[in-house]
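Peer 1: Quick one: this structure, given as structure tokens, is what I'll be asking you about.
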Amino acid sequence: MAKALTPDICVIGGGTGGLAVAMGAAAYGVDVVLVDRPAAGGRACLAHAALNAAARQAQAIRDAARFGLAESDPEIDFKAVMSGVRDVVAGATPAFSTERLATLGVTVIREEARFTGRRRLIAGDTEIRARRYVLATGSSAVAPEIPGLDEIGGLNADTVLDLDRRPAHLIIVGGDASALELAQTFRRLGSQVTVLAEGSLVPREDPEMVAVLTRRLSAEGVTIREGVNVTAVERRGKTSVRVLVCRRSLGSTRLAA
């Protein structure tokens, strides 16, 4: 190995969590190494925040009548919205560059990391033996096992950020917090949105709060169907798909998008 490092902390992953740990520790004078893949994500959290901000502005225009202003429906240039989201991400990237982090006292290694022992990690040609390791690798989307999904090429929370054309109808499978956030965002940006939840929405949250959230989403035009299973997905023409859902004990139905 060309280099060997023995920092106090080695952070694996350069997303929001990993950066917060590395920069916070360095601010207290701790010797920190941050290992992140060269092609590490597109700052998905920041991109979603920027997209949500655009959606909130659109909804504020719709709600203007509450404040005595003329009621209107916003004209949304979806391609321009997504371009703005990417500009926000690009503008923030220099703040997290290797050079910028180095000035804060963080040693950055842009390589794939792998453990070769209990306290030994290899990243490129660098060997790291840290006192403590922080795993901040984030999460990755796992496609559900739904017949036909591979053929139609479904989106996930990351790839939906690559869209330049607004989907006319977005069907979201799942009822957790991230699914509902995505549903509200795209509904506010003008898409028809249907949420299909296998059980109840955000089941770990307080039922009274979930009821408030459900009413709000419904008032904004999000269609919510709880207690359903998606049994198949099939292509319908060149640009549309059909989703077959089954409510427990009540038979099946079809949705088109």
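Peer 1: Against the 2.2 N^0.38 Å scaling, with N counting residues, where does the chain land? I'd like the Cα-based Rg ratio to two decimal places. Numbers along the way, then the final one.
Peer 2: Details: Rg = 22.3 Å, N = 257, 2.2 N^0.38 = 18.1 Å.
Here the answer is 1.23, to two decimals.
Peer 1: Nearest 5 is fine: what % of DSSP beta bridges in the chain come out antiparallel, could you say?
Peer 2: Around 45 percent of the beta bridges assigned by DSSP in the chain are antiparallel ones.
Peer 1: Tell me the net charge near R129. Cut-off is 13 Å between Cβ atoms, R129 excluded, with +1 for each Lys or Arg and -1 for each Asp or Glu. Please list the in-between numbers first.
Peer 2: Numbers: positive: K3, R118, R119, R120, R131, R132; negative: D8, D31, E127.
Local net charge: +3.
Peer 1: For segment 140-191, with only Lys/Arg (+1) and Asp/Glu (-1) charged at the beta-carbon, what is the dipole magnitude about the Cα centre, in debye rounded to 20? Walk me through the intermediate numbers first.
Peer 2: Numbers: 4 positive and 8 negative charges, 79 e Å.
Approximately 380 debye in magnitude.
Peer 1: Heads up, I need the accessible area for C45: 1.4 angstrom probe, whole protein in place, Å², nearest 10.
Peer 2: About 90 Å², ignoring ligands and nucleic acids.
Peer 1: Still on this model: Over the Cα atoms of segment 53-174, what radius of gyration and what Dmax do you get, in Å?
Peer 2: According to the Cα coordinates of segment 53-174, Rg and Dmax are 21.9, 66 Å.
Peer 1: Rounded if a/c is under 1.5, else prolate if a/b is larger than b/c, else oblate: which is segment 90-155, with a ≥ b ≥ c the root eigenvalues of its Cα gyration tensor?
Peer 2: Oblate, because a/c is 1.5 or more while a/b does not exceed b/c.
Peer 1: Ok, one more. In what order, largest first, do L180, L213 sit by accessible area if the probe radius is 1.4 Å?
Peer 2: Of L180, L213, the descending order of accessible area is L213, L180.
Peer 1: Using a simple charge model, +1 on the beta-carbon of Lys and Arg, -1 on the beta-carbon of Asp and Glu, nothing else, what dipole does segment 93-178 show about its Cα centre, in debye to the nearest 20?
Peer 2: Using Cβ point charges on Lys, Arg, Asp and Glu, segment 93-178 gives about 760 debye.
Peer 1: Please give the solvent-accessible surface of E151 in Å², to the nearest 10, using a probe radius of 1.4 Å with every protein chain present.
Peer 2: Taking all protein chains as shown, E151 has close to 140 Å².
Peer 1: Still on this structure, I have one more. Report in % the part of the accessible area of segment 24-105 that belongs to carbon and sulfur, leaving out ligands and nucleic acids; probe 1.4 Å.
Peer 2: That share works out to 57 percent.
Peer 1: Which angle from 0 to 90°, rounded to the nearest 10, does the C-alpha axis of helix 177-188 make with the longest principal axis of the chain?
Peer 2: It is inclined by approximately 60 degrees.
Peer 1: Specify, per residue and in Å³, the volume enclosed by the convex hull of the alpha carbon atoms belonging to segment 163-238.
Peer 2: With only Cα atoms used, segment 163-238 gives 92 Å³ per residue.
Peer 1: Can you tell me the FRET efficiency between R62 and E181 if r is taken as the Cβ-Cβ distance and R0 is 22 Å, rounded to the nearest 0.05?
Peer 2: That pair, R62 with E181, gives E of 0.75.
Peer 1: Would you check the accessible area of Y133, probe 1.4 Å, heavy atoms only, in square angstrom rounded to 10?
Peer 2: Counting only protein heavy atoms, Y133 exposes about 50 Å² to solvent.
Peer 1: Another question, if that's okay. Shape of segment 11-79 from its Cα gyration tensor (a ≥ b ≥ c, root eigenvalues): rounded if a/c is under 1.5, otherwise prolate when a/b > b/c, or oblate?
Peer 2: oblate
Peer 1: So if we plug the beta-carbon distance of E234 and A143 into 1/(1 + (r/R0)^6) with R0 = 25 Å, what FRET efficiency do we get, rounded to 0.05?
Peer 2: Result of the calculation: an efficiency of 0.95.
Peer 1: Something else now. Name the most mobile residue of L19, L149, L69, meaning the one with the largest mean-square fluctuation, in a Gaussian network model of the chain with Cα contacts below 10 Å.
Peer 2: L69
Peer 1: What does the highest-first list of 198-205, 46-53, 112-119, 227-234 look like by mean Cβ count within 10 Å?
Peer 2: 46-53, 227-234, 198-205, 112-119
Peer 1: Report Rg (one decimal) and Dmax (nearest whole number) for segment 99-239, counting Cα atoms only, units Å.
Peer 2: 20.9, 57
Peer 1: Leaving ligands, DNA and RNA out of it, report the carbon-plus-sulfur percent of the accessible area of segment 129-206 at a 1.4 Å probe.
Peer 2: Percent of accessible area from carbon and sulfur atoms in segment 129-206: 46.
Peer 1: When the helices in the chain are scored as -39500 (n - 2.57) per DSSP H run of 4 or longer and the sum is shared across all residues, what 222 nm value do you end up with, to the nearest 500 deg cm²/dmol?
Peer 2: Values: 7 runs with 81 residues, N = 257.
The helix-only estimate for the chain comes to -9500 deg cm²/dmol at 222 nm.
Peer 1: Oh, and also: From the residues N52, A22, G68, which one has its Cα farthest along the dipole of segment 1-78 in the positive direction, the dipole being from +1 and -1 charges on Cβ of Lys/Arg and Asp/Glu about the Cα centre?
Peer 2: The Cα lying farthest towards the positive end belongs to A22.
Peer 1: From the protein chains alone at 1.4 Å, what is the descending order of accessible area for I146, I61, largest first? Please report the intermediate quantities before stating the final value.
Peer 2: Numbers: I146 25, I61 70 Å².
From most exposed to least exposed: I61, I146.
Peer 1: Next question. Helix 207-219 sits at what angle to the longest principal axis of the chain, using alpha carbons and giving 0 to 90 degrees rounded to 10?
Peer 2: So the inclination is approximately 60 degrees.
Peer 1: Quick check for you: with a 1.4 Å probe and neighbouring chains kept, what is the accessible area per residue of the chain, in Å²? Intermediate results must be reported in sequence, preceding the final value.
Peer 2: On the way: 15230 Å² over 257 residues.
Using a 1.4 Å probe on heavy atoms only, each residue of the chain averages 59 Å².
Peer 1: Would you mind calculating the gained length between E226 and E208 on full extension (0.36 nm times residue separation, minus the Cα-Cα distance), in nm to one decimal?
Peer 2: On the way: separation 18, 0.36 × 18 = 6.48 nm, distance 1.63 nm.
Taking E226 through E208 to full extension adds about 4.8 nm, to one decimal.
Peer 1: So, one more: Based on Cβ point charges of +1 for Lys and Arg and -1 for Asp and Glu, what charge dipole magnitude is obtained for the chain about its Cα centre, in debye rounded to the nearest 20?
Peer 2: With only Lys, Arg, Asp and Glu charged at Cβ, the dipole is about 300 debye.
The values are calculated or read from the model by the stated rules, or taken from the named source; none is laboratory data. Just so it is clear, the structure is predicted and the values come from calculations on it, not from any experiment. Backbone-built Cβ (ideal geometry, glycine too); neighbour counts: all protein chains shown. The area values use the complete protein model at the heavy-atom level, side chains included, leaving out ligands, DNA and RNA. Shrake-Rupley method; radii C 1.70, N 1.55, O 1.52, S 1.80 Å.
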